[in-house]
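Visitor: The structure follows.
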Amino acid sequence: MLKLENVSVTLGKKKIVEDVSLQLEAGQWLMLCGPNGAGKSTLIRAMSRAVPYAGRILLRGEEIRRIRADRFARAVGVLPQHNGVDFAFTVEEIVRMGRYAHRPGLFRADSGGEASVGEALEITGLTGLRRASALTLSGGELQRVFLAQVFAQRPDILLLDEPANHLDLKYQQQIFGLIADWLSQGGRAVITVVHDLSLARRYGTRALLLHQGRAAAQGDIETVFSPDTLRPVYGMNVHAWMREALGMWGE
């Protein structure tokens, strides 16, 4: 569905991502992992056409730089790390913005828009809040609103940059559970930047481990998250730390 060939990103005079390749297939949830400054968010931004890049990024074999913006938006949904609302839009109005790419023209209605918006509100548990001002929502509720906006867009691929960033445990579970349900519908794929390796291991099918802008390892979750792979990237025994930290919750 999506393929990167030797992708590099240089911002200013600094190379943030260097020579990264990957391939995303239907049904996969690829976790982008690595320490701070590894290039994870920059790589997501390249895939979403937010920053220039060298190399090739192919959407079903077509270079994404050549795809019209509306057609790209119908195929790829992007949830950035930071979302905010400065005006009193209602929840429904924000979710409906995800349908802009499907409008056939300035004065023509989006025939499937209302159904898509209603479904997105329902699956994210926001139907009862559809008339509420976004300014009154908690951080977790607002993140669900933006996720619903992406669902209403009806893409086949989701690019998510820390979708549960700064959320408490309840909302982390909700957000990742909603994404997992969306992925299970078939013909879909997800790439997610995530710092929490426990979440990555719980939900991911594959992982790309970045270190100083380069791919340190990629493949199935268990292979990439092996002790020998993680130790040189994080500079610590990750498995021992996780066992010690999580072991405190044992009986």
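The values are calculated or read from the model by the stated rules, or taken from the named source; none is laboratory data. Keep in mind that this is a model prediction, so the values were computed, not measured. Virtual Cβ from ideal backbone geometry, glycine too; neighbours counted across all protein chains shown.
Visitor: Which condition number does residue 178 fail, the rest of (1) surrounded by 15 or more Cβ atoms within 10 Å (Cβ to Cβ); (2) closer than 27 Å to residue 17 by Cβ being met?
Guide: Result: residue 178 fails condition (2) only.
Visitor: Does residue 122 meet the test of being surrounded by 17 or more Cβ atoms within 10 Å (Cβ to Cβ), among the acidic types (Asp, Glu) and free of Cβ contacts under 8 Å to residues at least 60 places away in the same chain?
Guide: no
Visitor: How many of the residues making up segment 25-56 are part of a strand (DSSP E or B) and either surrounded by 20 or more Cβ atoms within 10 Å (Cβ to Cβ) or modelled with pLDDT under 95 (or both)?
Guide: Going through segment 25-56 one residue at a time, the tally reaches 5.
Visitor: On the given criteria, is residue 85 touching a helix residue (DSSP H, G or I) at 6+ places or on another chain (Cβ under 9 Å), surrounded by 19 or more Cβ atoms within 10 Å (Cβ to Cβ) and among the β-branched types (Val, Ile, Thr)?
Guide: no
Visitor: It is to be established whether one or more residues within segment 227-246 are surrounded by 12 or more Cβ atoms within 10 Å (Cβ to Cβ), acidic (Asp, Glu) and at pLDDT below 95.
Guide: Scanning segment 227-246, I find no residue that is surrounded by 12 or more Cβ atoms within 10 Å (Cβ to Cβ), acidic (Asp, Glu) and at pLDDT below 95, so the answer is no.
Visitor: Give me the residue from segment 1-24 that is among the small types (Gly, Ala, Ser) and in contact with a strand residue (DSSP E or B) (Cβ under 9 Å, 6 or more places away or on another chain) and, out of that set, surrounded by the most Cβ atoms within 10 Å (Cβ to Cβ).
Guide: Only one residue fits best here, namely 8.
Visitor: Name the one entry in 223, 192 that is within 23 Å of residue 60 (Cβ to Cβ) and not small (Gly, Ala, Ser).
Guide: Residue meeting the stated conditions: 192.
Visitor: Suppose we filter 150, 95, 91, 145 for residues that are of a type in the set (A, V, I, L, M), in contact (Cβ under 8 Å) with a residue 40 or more places away in the chain, farther than 23 Å from residue 188 by Cα and crowded, with 21+ Cβ neighbours inside 10 Å; which single one remains?
Guide: Sole residue among the options that is of a type in the set (A, V, I, L, M), in contact (Cβ under 8 Å) with a residue 40 or more places away in the chain, farther than 23 Å from residue 188 by Cα and crowded, with 21+ Cβ neighbours inside 10 Å: 91.
Visitor: I'd like to check something: does segment 133-150 contain any residue that is out of contact with any Leu (no Cβ under 6 Å at 6 or more places or on another chain), modelled with pLDDT under 95, part of a helix (DSSP H, G or I) and more than 17 Å from residue 84 (Cβ to Cβ)?
Guide: no
Visitor: Return the pairs, sorted by first residue and then second, in which the second residue is among the hydroxyl-bearing types (Ser, Thr, Tyr), the first residue lies in segment 22-50 and is closer than 20 Å to residue 66 by Cβ, the beta carbons are less than 7 Å apart, and the residues are 6+ apart or on different chains.
Guide: Taking only residues 6 or more apart or on different chains, the pairs are 46/53.
Visitor: Residue check: is residue 176 in a helix (DSSP H, G or I), in contact with a helix residue (DSSP H, G or I) (Cβ under 7 Å, 6 or more places away or on another chain), closer than 16 Å to residue 31 by Cβ and modelled with pLDDT under 95?
Guide: Judged against the criteria, residue 176 is a match.
Visitor: When you scan segment 151-173, how many residues do you find that are in contact with a helix residue (DSSP H, G or I) (Cβ under 6 Å, 6 or more places away or on another chain), in a helix (DSSP H, G or I) and aliphatic (A, V, I, L, M)?
Guide: 1
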